[in-house]
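A.B. asks: Can you read through this structure? Questions will come right after.
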Amino acid sequence: MGDLKVSESEHNYSKHDIVNCGLCEESFVCLCNRAAECPCAQVNLTRDEAEWIGWQTGQECVCLGCLVRLRGEAREKLGE
């Protein structure tokens, strides 16, 4: 799997929220207001995976590393 982190040169941070992940506390740029540009879109979740992850996170955005980890956990739990 390639590195999915957003580099500082790729985005203008002043236009986006810098938040802390509710799971690992790592700071990341949240692009949920621009979903098509969000690195999370690269993760390709099924509807069931997205719902399971939403239940785990309280529908809050998490960093890309935690999202990938949660996708793996969802696949194990859901038998995918």
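Just so it is clear, none of the values below were taken in a lab; they were calculated from the coordinates. All values reported here derive from a predicted model rather than from experimental measurement. A quick note on method: Cβ atoms are made from the backbone with ideal geometry, for glycine too, and the neighbour counts reach across all protein chains shown.
A.B. asks: Work out the P(r) tail for the range 9-78: percent of alpha carbon pairs separated by more than 19 Å, whole number. Before the final figure, lay out each step's value.
C.D. replies: Details: 746 of 2415 pairs.
Taking all Cα-Cα pairs of the range 9-78, the fraction more than 19 Å apart is 31 percent.
A.B. asks: A further question follows. What is the dipole size for the range 9-78, taken about its Cα centre, with +1 at each Lys and Arg Cβ and -1 at each Asp and Glu Cβ, in debye to the nearest 20?
C.D. replies: Charge dipole, the range 9-78, about its Cα centre: 140 debye, nearest 20.
A.B. asks: Between E25 and V68, what is 0.36 nm times their sequence separation minus the Cα-Cα distance? Round to one decimal in nm.
C.D. replies: 13.9 nm
A.B. asks: Could you compute the FRET efficiency for D17 and D48, with r as their C-beta to C-beta distance and R0 at 30 Å, rounded to 0.05?
C.D. replies: Between D17 and D48 the formula returns 0.60.
A.B. asks: Quote to one decimal, in nm, the extra length available between A35 and E76 on full extension: 0.36 nm per residue of separation minus the C-alpha distance between them.
C.D. replies: Answer, rounded to one decimal: 12.1 nm.
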